[in-house]
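Chemist: First the structure, then my questions, so here it is.
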Amino acid sequence: MSYSSTVFRQLINLIPLRQFHEEVEHTGADRYTKHFTTKCQLIVNLYAQASGKTSLRDVVTGLRVQNMSWYHLGLKNISRSQLSYVNARRDYRIFQNLYYRAFSHCAAIAPNHRLPLNNPIHVIDSSLVPLCLELFPWAKYRKRKGALKLHTLLDLQGTIPSFIVVTDGRQHDVKVARESNLPLSPDSILVMDKAYIDYKWLYALHSKGVFFVTRAMDNRDCRIIGQHSPADGKGVLKDEIGLLCGPRSSIKYPEKLRFVTYYDETTERTLTFMTNNFQLPAKTIAMI
């Protein structure tokens, strides 16, 4: 009888298991473990995520229905108590390191963005996920509402998340970004919306050689000191150089900034972008 690999088996084959076993050996996670190894835990939890299981009982019941395939997956004697025990006590950083290894591999072979530049481009934003406050009392958002926030740094090369932080819904976007060690290399470009405008944090990025592009605040206290270049490119209305002159903002960001005003024909809106990049054309800044 011919054997055909299941979709789940093919999914597991994409995991760099050799590096995973090296990490397990280095940390000693399988020491004193009889049969429910770290690899078994990985396969079971991956199955739970891929099949949308909502409880440990649901996970174990679903696997028992497919017990004829356990041999090919390296599984045996799965129980709810075992799964609960290892999930609570085994170090999560083993799987975190596996993710970053897989991410490095995917980032190296993923197709690049279509913008005409060589700088790595990252986008940071957050997504609000509503939750039932009675079931998740830690996820405080409103008086009678619960929610969590997914703060994500997206690498536009392949559109792969390179950094994710989960907080309760009340955490402000820029506070999380400011307190997180974002994996940004010099000469990379960080794209964000107005919620991330903190001039002290932006100046810290500038000091590290990181470029940023964001929407300029409408009520910004800014003095235009010159023209960066003539308005070139379709839709570009202005390309100016300015200095913040507010009593606090001028101290937090004491250097020059570039303001590109662009008319978007699709939305019929005039937008002003703020950046610390003075090399790229104004049209490219607007496209970013």
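The values are calculated or read from the model by the stated rules, or taken from the named source; none is laboratory data. The structure displayed is predicted, hence computed values, not measured ones. In this analysis, Cβ positions are derived from the backbone assuming ideal geometry, glycine residues included, and neighbour counts consider all displayed protein chains.
Chemist: Asp264 - would you say it is among the charged types (D, E, K, R) and out of contact with any His (no Cβ under 9 Å at 6 or more places or on another chain)?
Modeler: Criteria met by Asp264.
Chemist: Restricting to segment 47-66, and then to whatever is surrounded by fewer than 16 Cβ atoms within 10 Å (Cβ to Cβ) and among the hydrophobic types (A, V, I, L, M, F, W, C), can you tell me which residue is farthest from the chain's Cα centre (by Cα)?
Modeler: Val65
Let's see how each residue does on (1) at pLDDT 85 or above; (2) closer than 27 Å to His26 by Cβ; (3) assigned to a helix (DSSP H, G or I):
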{"site": "Leu83", "(1), (2), (3)": "yes, yes, yes"}
{"site": "Asn87", "(1), (2), (3)": "yes, yes, yes"}
{"site": "Gln96", "(1), (2), (3)": "yes, yes, yes"}
{"site": "Leu154", "(1), (2), (3)": "yes, no, no"}
{"site": "Ser162", "(1), (2), (3)": "no, yes, no"}
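Chemist: Report, by residue number, each residue of segment 65-80 that is part of a helix (DSSP H, G or I) and touching a helix residue (DSSP H, G or I) at 6+ places or on another chain (Cβ under 9 Å). Please lay out each step first, then the result.
Modeler: First, the residues of segment 65-80 that are part of a helix (DSSP H, G or I): 65, 67-73, 80.
If the condition is that a residue be part of a helix (DSSP H, G or I) and touching a helix residue (DSSP H, G or I) at 6+ places or on another chain (Cβ under 9 Å), then Ser69, Trp70, His72, Leu73, Arg80 are the ones that fit.
Chemist: For the condition modelled with pLDDT of 85 or more and over 22 Å from Phe273 (Cβ atoms), what is the one hit in Arg170, Arg178?
Modeler: Arg170
Chemist: Among (1) under 22 Å from Trp201 (Cα atoms); (2) surrounded by 11 or more Cβ atoms within 10 Å (Cβ to Cβ), which single condition is Lys140 missing?
Modeler: (1)
Chemist: Condition first: touching a helix residue (DSSP H, G or I) at 6+ places or on another chain (Cβ under 7 Å) and not aromatic (Phe, Trp, Tyr). Now tell me which residues in segment 19-38 satisfy that.
Modeler: Residues satisfying the conditions are Gln19, Glu23, Val24, Thr27, Ala29, Asp30, Thr38.
Chemist: Restricting attention to segment 265-288, and to residues there that are exposed (fewer than 15 other Cβ atoms within 10 Å of the Cβ) and in a loop (DSSP other than H, G, I, E, B), which single residue is modelled with the highest pLDDT?
Modeler: Per the criteria, the residue is Phe278.
Chemist: Here's a follow-up. Please state which one of Ile43, Ile15 is within 23 Å of Ser162 (Cβ to Cβ), buried (at least 16 other Cβ atoms within 10 Å of the Cβ) and touching a residue at least 24 places away in the same chain (Cβ under 8 Å). Break it down into steps so the answer makes sense when it comes.
Modeler: Working: Ile43 fails: within 23 Å of Ser162 (Cβ to Cβ).
None of the others qualify; the one that does is Ile15.
Chemist: Can I ask one more? Return yes or no: is Arg114 among the basic types (Lys, Arg) and outside any helix (DSSP H, G or I)?
Modeler: The answer is yes for Arg114.
Chemist: For segment 23-33, check the following and say yes or no: at least one residue is within 30 Å of Gln157 (Cβ to Cβ) and acidic (Asp, Glu).
Modeler: yes
Chemist: Among the candidates Ser104, Ser84, Ser69, which residue alone is touching a residue at least 40 places away in the same chain (Cβ under 8 Å), among the small types (Gly, Ala, Ser) and surrounded by fewer than 15 Cβ atoms within 10 Å (Cβ to Cβ)?
Modeler: Ser69
Chemist: If you don't mind, another one. Do any strands (runs of 3 or more DSSP E) entirely within segment 191-264 hold 3 or more residues that are in the same structural domain as Gln279 (by TED's automatic domain parsing) and aliphatic (A, V, I, L, M), and if so, which?
Modeler: Where strands (runs of 3 or more DSSP E) fall fully within segment 191-264 and carry at least 3 residues being in the same structural domain as Gln279 (by TED's automatic domain parsing) and aliphatic (A, V, I, L, M), they are 236-244.
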